[in-house]
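Inspection log for the structure reproduced underneath, given as structure tokens.
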Amino acid sequence: SKLLDNLRDTVRKFLTGSSSYDKAVEDFIKELQKSLISADVNVKLVFSLTNKIKERLKNEKPPTYIERREWFIKIVYDELSNLFGGDKEPKVIPDKIPYVIMLVGVQGTGKATTAGKLAYFYKKKGFKVGLVGADVYRPAALEQLQQLGQQIGVPVYGEPGEKDVVGIAKRGVEKFLSEKMEIIIVDTAGRHGYGEEAALLEEMKNIYEAIKPDEVTLVIDASIGQKAYDLASKFNQASKIGTIIITKMDGTAKGGGALSAVAATGATIKFIGTGEKIDELEVFNPRRFVARLHHHH
Ligand code: GDP
């Protein structure tokens with residue numbers, strides 16, 4: 001992510017700099033705030049994060065075995081991973097078979113691509129996977145899914161020309177259940193644009209009732225930044241079994257804003273999309289994500 005790339009330099013400068021500790025801390029916090037705000041992290045979240053860091057600096061003492069600057073950076077890592085959801089580790093392996101995952105999201109967020117990536121992820125883990133193409137509003141959506149399916153060797157159910165989303169979803173799931181598929185991923189309609197989330201959630205209900213999925217996954221484009229908050233909180237309230245995938249983390253400066261906004265709603269971020277390729281999907285773990293700040297040391 002762009003945010004971590006930026007911060008990596010700041011961390012390096014802090015650890016190797018020659019200014020006094022207090023001055024270095026002060027500069028670091030300023031840089032941190034700047035980076036977070038330019039990554040579209042909500043200003044309130046930024047200040048609450050930096051306040052927590054300052055408080056811990058005051059109230060905690062570095063253990064004798066660790067260099068003071070290293071200790072400070074540890075605190076920063078802690079608080080940054082809290083910003084992105086803390087110790088939450090999403091559960092990605094289903095606890096029952098068959099398992100039906102319904103994907104929802106507004107058009108262009110990367111829903112079809114993500115359906116393919118998920119199918120590939122589970123296939124590699126050894127599951128028998130089926131894909132259902134029920135996004136009827138975008139003419140090429142089914143073809144796109146079929147191409148992805150072919151590429152990864154996963155069957156795709158679709159009904160070219162048919163407009164009844166609920167019917168397609170239902171028949172697709174039934175067919176794959178009868179074929180003993182273990183994980184069924186349903187790519188649903190995405191006619192909506194931003195600002196039409198209410199309509200999206202409404203339509204979600206109808207498909208939900210028809211196929212009773214085990215999990216509903218909302219796909220969000222990282223480039224909407226902290227605007228993801230409203231969408232994710234509405235979704236989180238509407239769906240008890242909801243999880244979230246944030247796509248295009250590679251392509252936007254606002255990824256940190258989207259991640260922190262969604263985390264703040266309490267929703268579970270399950271995966272992040274980090275590129276256009278089929279394997280560019282990562283299980284999202286806040287701690288491991290932040291630990292990347294260390295990569296180039
Ligand atoms: P849909 O309308 O939501 O089904 O969107 P698509 O799956 O067709 O994706 C829209 C565009 O986003 C395509 O060009 C995808 O290749 C691209 N895309 C999807 N996920 C990612 C991602 O994680 N990173 C990047 N850079 N591009 C992505």
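The values are calculated or read from the model by the stated rules, or taken from the named source; none is laboratory data. Bear in mind the structure is a predicted one, so any value in this text is a computation, not a measurement. We place every Cβ from the backbone using ideal geometry, glycine too, and count neighbours over all the protein chains shown. For accessibility, only protein heavy atoms count, side chains too; no ligands or nucleic acids. Shrake-Rupley method; radii C 1.70, N 1.55, O 1.52, S 1.80 Å.
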Residue check: is residue 59 touching a residue at least 40 places away in the same chain (Cβ under 8 Å), of a type outside the set (Ser, Thr, Tyr) and out of contact with any Gly (no Cβ under 9 Å at 6 or more places or on another chain)? no
Condition test on residue 180, is it within 19 Å of residue 267 (Cβ to Cβ), of a type outside the set (A, V, I, L, M) and surrounded by fewer than 21 Cβ atoms within 10 Å (Cβ to Cβ)? no
Given the conditions (1) closer than 24 Å to residue 34 by Cβ; (2) away from the ligand (no atom under 16 Å from the Cβ), which single one is not true for residue 259? (2)
Examine segment 155-164 for a residue that is in contact (Cβ under 8 Å) with a residue 24 or more places away in the chain, open to solvent by 30 Å² or more (accessible area, probe 1.4 Å) and assigned to a helix (DSSP H, G or I), and state whether such a residue exists. no
Suppose the filter is modelled with pLDDT of 95 or more, within 12 Å of the ligand (Cβ to nearest atom) and closer than 20 Å to residue 5 by Cβ; does residue 252 pass it? no
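Here is a yes/no grid of residues against (1) in contact with an Asp or Glu (Cβ under 9 Å, 6 or more places away or on another chain); (2) away from the ligand (no atom under 16 Å from the Cβ); (3) part of a loop (DSSP other than H, G, I, E, B); (4) not assigned by TED's automatic domain parsing to the domain that holds residue 230:
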| residue | (1), (2), (3), (4) |
| --- | --- |
| 55 | no, yes, no, yes |
| 58 | no, yes, no, yes |
| 79 | no, yes, no, yes |
| 91 | no, yes, yes, yes |
| 107 | yes, no, yes, no |
| 120 | yes, no, no, no |
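Yes/no per residue for (1) in contact with a Pro (Cβ under 6 Å, 6 or more places away or on another chain); (2) closer than 18 Å to residue 42 by Cα; (3) in the same structural domain as residue 149 (by TED's automatic domain parsing):
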residue	(1), (2), (3)
254	no, yes, yes
257	no, yes, yes
267	no, yes, yes
271	no, no, yes
275	no, no, yes
280	no, no, yes
289	no, no, no
Could you go through segment 129-151 and let me know if any residue there is at pLDDT 95 or above and in a loop (DSSP other than H, G, I, E, B). no
Sole miss for residue 7 among (1) of a type outside the set (Lys, Arg); (2) surrounded by fewer than 17 Cβ atoms within 10 Å (Cβ to Cβ); (3) in a helix (DSSP H, G or I) is condition (2)
Filtered residue count, segment 33-46, keeping only those that are in contact (Cβ under 8 Å) with a residue 12 or more places away in the chain and open to solvent by 40 Å² or more (accessible area, probe 1.4 Å): 3
